[in-house]
Amino acid sequence: MFKGMPKIFWVGMLLLYGYFFLFFILEITVPKFPLAKFLGVPACYTYAWIIGLWVINLIVAAIFYRAEEAREDRLAKK
């Protein structure tokens, strides 16, 4: 199923799922970690909502976009 997927796909998946599993492990091992205050709000709003849903996905989208542009340039040069 995943045979022949571009390497950039795996980089994007590593970023997304690596971030998820890092904070998943932190939440289940560190007592009261999600509800600790950060900038006046519970930390889970910052790391899950702002960073996890917006920043990481924008970074992955930019990486995928640039990789596709580079691939098209390479194909055009052939």
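So, in the range 1-25, how many residues would count as being aliphatic (A, V, I, L, M), part of a helix (DSSP H, G or I) and more than 15 Å from TYR47 (Cβ to Cβ)? Lay out the reasoning, then the answer.
Residues of the range 1-25 that are aliphatic (A, V, I, L, M), as a first pass: 1, 5, 8, 11, 13-16, 22, 25.
Next cut, part of a helix (DSSP H, G or I) only: 8, 11, 13-16, 22, 25.
Narrowing further to those that are more than 15 Å from TYR47 (Cβ to Cβ): 8, 11, 13-14.
Of the residues in that region, 4 qualify.
Number of residues in the range 57-75 that are under 12 Å from the mean Cα position of the chain (by Cα) and either loosely packed, with under 12 Cβ neighbours inside 10 Å or in contact (Cβ under 8 Å) with a residue 60 or more places away in the chain (or both): the value is 3.
Residues to consider are ILE56, ILE50, ILE63; find the one that is part of a helix (DSSP H, G or I), out of contact with any Gly (no Cβ under 7 Å at 6 or more places or on another chain) and closer than 15 Å to TYR17 by Cβ. Reasoning before the result, please.
Values: ILE50 fails: closer than 15 Å to TYR17 by Cβ; ILE63 fails: out of contact with any Gly (no Cβ under 7 Å at 6 or more places or on another chain).
Of the residues listed, the single one that is part of a helix (DSSP H, G or I), out of contact with any Gly (no Cβ under 7 Å at 6 or more places or on another chain) and closer than 15 Å to TYR17 by Cβ is ILE56.
Residue-level check: of (1) under 30 Å from ARG71 (Cα atoms); (2) surrounded by 11 or more Cβ atoms within 10 Å (Cβ to Cβ); (3) of a type in the set (A, V, I, L, M, F, W, C), TRP54 misses just (2). Do we find a residue being surrounded by 11 or more Cβ atoms within 10 Å (Cβ to Cβ) and touching a residue at least 24 places away in the same chain (Cβ under 8 Å) anywhere in the range 24-42? The answer is no, given that none of the residues of the range 24-42 is surrounded by 11 or more Cβ atoms within 10 Å (Cβ to Cβ) and touching a residue at least 24 places away in the same chain (Cβ under 8 Å).
Only the coordinates and a few stated rules stand behind these numbers; no lab work does. Just so it is clear, the model here is predicted, and its values are computed rather than measured. We place every Cβ from the backbone using ideal geometry, glycine too, and count neighbours over all the protein chains shown.
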